[in-house]
Amino acid sequence: MQVFLVANSPGELSGWVKPITRTLKQKEKAIKISVIIPPCQYASGMEKEVVSGFPNVDGVAGPTDYLKYIFLGIKWSGFREDGKGVLIFLGGDPIHAVLLSRRLRIPALAYIQKPRWKRFFKKFMVIDEKTKGEFMAGGVTAGKVIVVGDLMADAVELRMSKEEVCNYWKLDPEYSIISIMPGSRPEEVRYLTPFFLKVAELVREEFPKAQFILVLSPFTSEEELTSLPSGELEKVFQEIPKFKLVKKKRWKLITNLNLQVPVAKENQYEIMNASDLAITIPGTKTAEMAFLGRPMVVTVPLNKPEAIPLDGLPGLIGRVPWFGPMIKSRIVRRYSRKVKFTALPNLRAGKEIVPELRGIIKAQDVSRKVIELLQDPVLRNNMAGELKFIMGAKGAADRIAEAVLGELK
């Protein structure tokens with residue numbers, strides 16, 4: 001029996017693929033699981049390498065492997081057909097899952113929030129009853145829609161206590177701990193790491209004992225932290241600190257004002273859980289922090305909008321030399337004016353639970369909001385309660401696994 005999971009961006013792979021593979025193997029050890037990663041403009045480039053290290057994955061096909069199989073029928077290394085299987089779509093463009101299920105001759109299920117390619121998926125797995133109603137209103141029969149919940153809740157697993165985290169990273173639990181999360185894509189990390197370090201320096205002026213730790217995505221190499229060419233950053237953000245990366249047993253960023261920020265790739269959920277709050281950008285991490293009930297300040301700097309990845313034609317236009325970035329910048333700014341929220345818990349609630357700062361922003365704008373939260377523990381506690389309430393409970397991976405096993409049997 002084989003299960004093929006189709007996903008492509010870092011958030012989908014860590015937040016959705018990982019809990020599903022873990023739960024499937026717990027329920028049926030004989031299942032062979034392959035993860036297929038189609039081409040994606042949101043990719044970091046390290047997806048295949050990272051997923052190959054997932055403990056419950058038996059095989060991985062990267063973007064090149066996928067294209068060779070679809071167009072030439074060339075199977076990737078380790079792939080064996082046994083005639084019995086099911087495919088699960090977990091993000092990206094559904095056309096990839098449709099093409100794969102037809103070539104593999106197996107049924108396809110989709111964990112998706114909008115009804116797309118309705119004829120080609122045997123079942124749709126959705127987050128809640130409201131979404132199921134929207135599918136039915138869109139012409140999908142009730143029997144094809146299963147409410148499973150939010151998979152990201154199942155991704156968040158804690159193996160260390162706050163005390164253990166503080167001991168391991170040499171943090172003092174008596175003082176504020178702030179996670180810095182600059183994203184997973186190279187452009188985000190290169191530009192936002194120095195920007196967030198400046199924010200941290202400003203916060204430290206008000207809270208001298210505040211401690212910062214940079215949570216680096218496993219889909220990002222540490223070298224990305226310092227790979228931006230000299231002079232490029234100053235065109236986007238003003239008053240950015242000089243800093244260096246010290247590569248000892250544990251990597252550390254040190255600014256010219258002697259702000260020292262450890263760089264963590266492991267124990268990410270444990271660090272987030274031990275933090276009093278986080279400085280982050282929109283994405284999977286905002287949902288994971290919300291499930292943990294941890295406050296955050298979400299930033300969407302549009303100081304360099306052409307660097308923001310986009311779907312479809314706008315994303316392709318942005319790659320055209322000379323005028324492409326200029327056109328893409330206008331598209332991003334216009335789209336931003338129409339979007340009310342970007343943080344996942346705010347989108348889920350339909351209101352602002354965690355503060356969002358969007359537009360042409362300065363480090364002072366972000367530091368001011370962080371200081372405001374640090375000064376008000378009651379506000380943080382209320383925010384934590386709202387976040388946990390709106391995001392719901394675990395269990396989606398178990399329900400999806402049952403649906404998959406039902407198809408296989």
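The values are calculated or read from the model by the stated rules, or taken from the named source; none is laboratory data. Fair warning: this is a prediction, and the values are worked out from it, not measured in the lab. Because the Cβ atoms are built from the backbone with ideal geometry, glycine has one as well, and the counts that use them run over all protein chains shown.
Can you find even one residue in segment 50-71 that is at negative phi, surrounded by 15 or more Cβ atoms within 10 Å (Cβ to Cβ) and at pLDDT below 90?
No, the conditions are met nowhere in segment 50-71.
Can you tell me which residue among 236, 261, 203 is at pLDDT 90 or above, under 27 Å from residue 43 (Cβ atoms), out of contact with any Gly (no Cβ under 8 Å at 6 or more places or on another chain) and not small (Gly, Ala, Ser)?
Only one candidate qualifies: 261.
Can you name the number of the only condition in (1) outside any helix (DSSP H, G or I); (2) closer than 29 Å to residue 40 by Cβ; (3) in contact with a Leu (Cβ under 8 Å, 6 or more places away or on another chain) that residue 252 fails?
Single failed check for residue 252: (2).
Could you count how many residues in segment 6-32 are closer than 15 Å to residue 55 by Cβ and of a type in the set (A, V, I, L, M)? I'd like the intermediate steps shown before the answer.
Taking segment 6-32 and keeping what is closer than 15 Å to residue 55 by Cβ, we get 13-14, 17-26, 29, 31-32.
Imposing the further condition that a residue be of a type in the set (A, V, I, L, M) reduces the set to 13, 17, 20, 24, 31.
Counting residues in segment 6-32 that are closer than 15 Å to residue 55 by Cβ and of a type in the set (A, V, I, L, M) gives 5.
Could you list, in sequence order, all residues of segment 263-286 that are surrounded by 24 or more Cβ atoms within 10 Å (Cβ to Cβ) and under 23 Å from residue 394 (Cβ atoms)? Explain how you work it out, then say what you get.
As a first pass, look at segment 263-286 and keep what is surrounded by 24 or more Cβ atoms within 10 Å (Cβ to Cβ): 271-272, 274-275, 278-280, 285-286.
271, 272, 274, 275, 278, 280, 285, 286 - these are the residues of segment 263-286 that are surrounded by 24 or more Cβ atoms within 10 Å (Cβ to Cβ) and under 23 Å from residue 394 (Cβ atoms).
Select from segment 94-123 the residues that are in contact (Cβ under 8 Å) with a residue 60 or more places away in the chain, charged (D, E, K, R) and not in a strand (DSSP E or B) and list them in ascending order.
Result: 122, single match.
Kindly indicate whether any position in segment 109-121 is surrounded by 14 or more Cβ atoms within 10 Å (Cβ to Cβ), of a type in the set (Gly, Ala, Ser) and under 29 Å from residue 61 (Cα atoms).
Yes.
Residue by residue through segment 30-64, note down the ones that are of a type in the set (Asp, Glu) and either in contact with an Asp or Glu (Cβ under 9 Å, 6 or more places away or on another chain) or assigned to a loop (DSSP other than H, G, I, E, B) (or both).
To start, the set of residues in segment 30-64 that are of a type in the set (Asp, Glu) comprises 47, 49, 58.
Selection gives 58 alone.
Would it be correct to say that residue 297 is modelled with pLDDT of 60 or more and in a strand (DSSP E or B)?
Details: modelled with pLDDT of 60 or more: yes; in a strand (DSSP E or B): yes.
It is true that residue 297 is modelled with pLDDT of 60 or more and in a strand (DSSP E or B).
Residue by residue through segment 196-215, note down the ones that are of a type outside the set (D, E, K, R), surrounded by fewer than 24 Cβ atoms within 10 Å (Cβ to Cβ), in contact with a helix residue (DSSP H, G or I) (Cβ under 7 Å, 6 or more places away or on another chain) and over 19 Å from residue 274 (Cβ atoms).
Answer for segment 196-215, where residues must be of a type outside the set (D, E, K, R), surrounded by fewer than 24 Cβ atoms within 10 Å (Cβ to Cβ), in contact with a helix residue (DSSP H, G or I) (Cβ under 7 Å, 6 or more places away or on another chain) and over 19 Å from residue 274 (Cβ atoms): just 202.
For segment 173-231, what are the residues that are without any contact (Cβ under 8 Å) to a residue 40 or more places away in the chain and touching a Pro at 6+ places or on another chain (Cβ under 7 Å)?
189, 224
Residues 156, 50: which one is within 30 Å of residue 269 (Cβ to Cβ) and outside the structural domain of residue 17 (by TED's automatic domain parsing)? Even if it seems obvious, please write down each step before you answer.
On the way: 50 fails: outside the structural domain of residue 17 (by TED's automatic domain parsing).
Going through 156, 50 in turn, the sole match is 156.
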